[in-house]
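**Student:** Pasting in a structure now, in structure tokens, and then I'll have a few things to ask.
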Amino acid sequence: MKSKALKLVVRTFILCLLLVMLPCAAAFAADDATATDTTTTTETPADTETPADTETPADTETPADTEEPTDTEEPALPFTDVADTDWFYSAVKYVYDNSLFSGTTTGENATFSPQVAMTRGMLVTVLYRLEGTPEVTGENPFTDVADDAYYKDAVIWAATNEIVGGSGDGTYNPDSNITRQDFATILYRYAQLKEYDVTVTEEQQELTYADADDISEYALNAVQWATAKEILTGKAGEMLDPVGNATRAEVAAMLMRFNEAYNPTAENPTTPDDTETPATPEEPTTPETPETETPAETEPAA
């Protein structure tokens, strides 16, 4: 009887113990699950990848900083009367970029005046710049070249080097227009000063232009040389127009061709063609006084 009672007590005790321990075990299991969740949460895969922080495509590409297209673009000419479709555009750009010519007016509406006739004062100024504006040591031999004239040093330099001469009466006539054959003569003398090769073959001496007979005798050698080097080219109708005024556009083109002929490695724009000139230069009613009044000279002063 006691044994049965003891067994009952033991079973009751064990049952009570189980009833007490079961909630504890459940709580322990819940804590373990929480710990597992916490461990999973601490992995924070988003923090280890951080694609937005590591890629930063906007910072690494920066296309605006690396391309800089505005710096490589070629600046346009400032002249309102020179369009990029004009036959003389590349020649004007050449003389402007090389500081041989400047405009006839400045400011917002600056002009180049491409169809305006070139004067003797303008021409020697351009050649003087082409030479690099060397120091002038000679004296002014002309009575009509003022000390404050913009072309004074250029005229003295050209006269000292026998590139130009006066009209025989002590004057230079700086404001007179220069003809195409006179410009060829002056450029021919400048080439000789530079000791460039100015020889012309027999075949090149034959000029087949319809107005070849209009070329003055003093200018013949220079014109033959200029046409042989393709510095001076013809116009429409197989005309050379030797006594027509040389325009600023034509002089710019001839200077660029001159540089191409004797400096073939220089980077120049495409050579324009005189035959594309939309307007024919105005012809003077009479030949220039300095050229016709110096018969004693084999090549009259230009």
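The values are calculated or read from the model by the stated rules, or taken from the named source; none is laboratory data. All of these numbers come straight from a predicted model, not from anything done at the bench. Cβ: placed from backbone, ideal geometry, glycine included. Neighbour counts: every protein chain shown. Just so you know, the surface numbers come from the protein's heavy atoms only, side chains and all, with ligands and any DNA or RNA stripped out. Shrake-Rupley method; radii C 1.70, N 1.55, O 1.52, S 1.80 Å.
**Student:** Scan the stretch 125-134 for residues that are in contact with a helix residue (DSSP H, G or I) (Cβ under 9 Å, 6 or more places away or on another chain) and free of Cβ contacts under 8 Å to residues at least 60 places away in the same chain and jot them down.
**Tutor:** Within the stretch 125-134, Thr125, Tyr128, Arg129, Glu131, Thr133, Pro134 qualify.
**Student:** Which is charged (D, E, K, R), touching a residue at least 12 places away in the same chain (Cβ under 8 Å) and either in a loop (DSSP other than H, G, I, E, B) or over 24 Å from Arg248 (Cα atoms) (or both), of Asp182, Asp175, Asp169?
**Tutor:** Numbers: Asp182 fails: either in a loop (DSSP other than H, G, I, E, B) or over 24 Å from Arg248 (Cα atoms) (or both); Asp169 fails: touching a residue at least 12 places away in the same chain (Cβ under 8 Å).
One residue alone meets the criteria, Asp175.
**Student:** Related question: Given the residues Val145, Val251, Val243, which is the only one that is open to solvent by less than 60 Å² (accessible area, probe 1.4 Å), farther than 14 Å from Val124 by Cβ and in contact (Cβ under 8 Å) with a residue 12 or more places away in the chain? Explain how you work it out, then say what you get.
**Tutor:** Numbers: Val145 fails: farther than 14 Å from Val124 by Cβ; Val251 fails: farther than 14 Å from Val124 by Cβ.
After ruling out the rest, the residue left standing is Val243.
**Student:** A further question follows. Only one of Glu162, Glu230, Glu195, Glu139 is assigned to a loop (DSSP other than H, G, I, E, B), under 28 Å from the mean Cα position of the chain (by Cα) and among the charged types (D, E, K, R); which?
**Tutor:** The unique qualifying residue is Glu230.
**Student:** Right, another one. Using the structure shown, decide if Asp214 is open to solvent by 20 Å² or more (accessible area, probe 1.4 Å), modelled with pLDDT of 95 or more and under 25 Å from Pro114 (Cβ atoms).
**Tutor:** In short, yes.
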